[in-house]
Amino acid sequence: MAVIENAKVTVVGAGAVGSATAYAMLIRGSARQVVLYDIDRARVEAEAIDLAHGAMFLGAGTVTGTSEIDRTAHSHVIVVTAGAAQRPGQTRLALIETNARIFRTMIPQLVEASPHAIVIVVTNPCDVLTMLAVEQTGIDPARLFASGCVLDTSRLRWAIAQRAGVDARSVHAHIAGEHGDSQVPLWSTATIGPVPLAEWDPAFGDDELDRIAQGVRTAAYAIIEGKGATNYAIGLAGTRVAEAVLRDENAILPVSTVLQNIHSIDGVALSVPSIVGSAGAVPLAGARFSEREQQQLEASARTLAETAARVRAAL
Ligand code: NAD
């Protein structure tokens with residue numbers, strides 16, 4: 001596989017997350033062509049023209065907005081952020097069912113228009129929606145996967161970097177498992193530069209690690225309370241995953257693929273460190289977990305499998 005020249009990326013959904021993703025892509029020069037697609041025509045056209053008006057300050061990338069699926073055709077990467085917002089009184093499960101129904105119609109249409117695209121699911125619950133979409137379409141799980149815990153991992157590295165007084169890019173640590181409450185911080189392999197976290201001076205105590213993990217796990221709730229949505233960091237996270245594909249980087253990122261008998265998990269999508277390049281995402285078989293982390297990952301897989309089963313039964 002190779003670096004994709006003159007890349008076309010479709011961002012599906014022109015809400016808070018989709019427009020932040022398109023904005024990040026334009027600023028970073030990730031693709032030659034960014035197409036923003038949404039069923040809300042007035043909104044998508046307005047977002048695209050607002051983004052396009054930054055032309056004088058950007059590179060050569062273009063952005064267009066559309067509510068016609070044909071205009072997304074021949075995309076190299078599709079980042080899916082479209083979904084229904086939670087209505088007052090609506091349960092989380094009911095919201096999942098609504099988004100699963102949207103996906104059931106939308107994903108096959110997108111894939112038909114761009115049969116060679118790599119599809120990155122951002123819409124929540126991203127692990128369950130990925131599982132159902134792979135089952136429905138029969139697509140190779142390497143080619144349709146979720147951004148998963150990439151955002152959570154950036155939150156983790158930021159929190160550790162703040163405490164240690166180092167650049168977040170010098171922190172090597174991952175969140176795995178569900179993009180949600182049962183996620184697993186991989187403390188056993190976390191380092192700052194070459195220094196294991198447990199040996200950093202002053203040392204991180206267990207209580208402190210628990211507080212950091214809790215902060216990462218609940219970050220979205222706190223932000224949504226204050227501003228109604230999270231969008232900038234996920235816009236960057238989705239863009240980073242798309243870039244790893246477009247540039248055939250073979251970057252190691254904790255994306256969520258449907259695991260096939262790896263790490264003792266089968267048929268469930270959850271995040272583990274994976275190699276991401278132009279052929280998509282492949283879980284890193286050599287990733288090592290402590291016994292406790294392995295147990296937590298398996299518990300996370302059970303939670304996700306149960307939710308997926310409930311949604312399948314309701315559809
Ligand atoms: P939003 O309500 O602002 O935007 C959603 C957009 O989807 C709307 O513009 C709507 O018109 C569009 N849409 C709905 N149905 C559609 C369809 N069938 N085809 C095309 N477009 C359609 O929501 P948001 O704040 O942008 O959040 C989007 C999603 O991203 C949510 O599911 C949210 O939970 C998720 N999210 C995921 C992460 C992550 O790390 N995975 C982080 C933040 C948010």
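Points worth noting:
- Flag for PRO141 being in a loop (DSSP other than H, G, I, E, B), of a type outside the set (Val, Ile, Thr) and free of Cβ contacts under 8 Å to residues at least 40 places away in the same chain: no
- Verdict on VAL77 being more than 9 Å from the ligand (Cβ to nearest atom), surrounded by 16 or more Cβ atoms within 10 Å (Cβ to Cβ) and assigned by TED's automatic domain parsing to the domain that holds VAL195: no
Yes/no matrix, rows are residues, columns are (1) part of a loop (DSSP other than H, G, I, E, B); (2) in contact with a His (Cβ under 8 Å, 6 or more places away or on another chain); (3) within 16 Å of the ligand (Cβ to nearest atom):
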position: ALA2; (1), (2), (3): yes, no, no
position: GLY18; (1), (2), (3): no, no, yes
position: TYR23; (1), (2), (3): no, no, yes
position: LEU26; (1), (2), (3): no, no, no
position: VAL34; (1), (2), (3): no, no, yes
position: GLU47; (1), (2), (3): no, no, yes
position: MET56; (1), (2), (3): no, no, no
position: THR64; (1), (2), (3): no, no, yes
position: ARG71; (1), (2), (3): no, no, yes
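- Residue check for VAL276: free of Cβ contacts under 8 Å to residues at least 40 places away in the same chain, within 21 Å of ALA20 (Cβ to Cβ) and not polar (S, T, N, Q): yes
- Identity of the residue in region 279-315, buried (at least 20 other Cβ atoms within 10 Å of the Cβ) and in a strand (DSSP E or B), that ends up farthest from the chain's Cα centre (by Cα): PRO283
- Residue selection: ALA222 satisfies the criterion of being among the small types (Gly, Ala, Ser), at pLDDT below 95 and more than 23 Å from ARG288 (Cα to Cα).
Okay, residues lined up against (1) basic (Lys, Arg); (2) over 25 Å from LEU36 (Cα atoms); (3) at pLDDT 95 or above:
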position	(1), (2), (3)
GLY238	no, no, yes
VAL245	no, no, yes
ALA251	no, yes, yes
ASN261	no, yes, yes
ALA269	no, yes, yes
VAL272	no, yes, yes
ALA281	no, no, yes
ALA285	no, yes, no
SER290	no, yes, yes
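- Here ASN250 meets each of (1) surrounded by 15 or more Cβ atoms within 10 Å (Cβ to Cβ); (2) within 19 Å of the chain's Cα centre (by Cα) with one exception, condition (1).
- Within region 110-121, none of the residues are within 16 Å of the ligand (Cβ to nearest atom) and over 25 Å from ILE4 (Cβ atoms).
- Residue match in region 148-159 (condition: away from the ligand (no atom under 13 Å from the Cβ), over 25 Å from SER19 (Cα atoms) and outside the structural domain of ILE39 (by TED's automatic domain parsing)): yes
- Filter result (free of Cβ contacts under 8 Å to residues at least 60 places away in the same chain and among the hydrophobic types (A, V, I, L, M, F, W, C)) within region 233-258: ALA244, ALA251, ILE252
- Candidates in region 92-133 are the residues that are modelled with pLDDT of 95 or more and of a type in the set (Asp, Glu); of these, the one that is surrounded by the most Cβ atoms within 10 Å (Cβ to Cβ) is ASP127.
- Inclusion of ALA14 among residues that are under 12 Å from VAL79 (Cα atoms) and either within 17 Å of the chain's Cα centre (by Cα) or away from the ligand (no atom under 14 Å from the Cβ) (or both) is warranted.
- Some residue of region 137-147 being more than 19 Å from the chain's Cα centre (by Cα) and over 27 Å from ALA219 (Cβ atoms): yes
- Verdict on ALA82 being outside any strand (DSSP E or B), under 25 Å from ASP140 (Cβ atoms) and within 14 Å of the ligand (Cβ to nearest atom): yes
- With respect to (1) farther than 14 Å from GLU178 by Cα; (2) in contact with a strand residue (DSSP E or B) (Cβ under 7 Å, 6 or more places away or on another chain), the lone exception for GLY286 is condition (2).
The values are calculated or read from the model by the stated rules, or taken from the named source; none is laboratory data. Treat the numbers as computed from the prediction; the structure is a model and nothing was measured. Because the Cβ atoms are built from the backbone with ideal geometry, glycine has one as well, and the counts that use them run over all protein chains shown.
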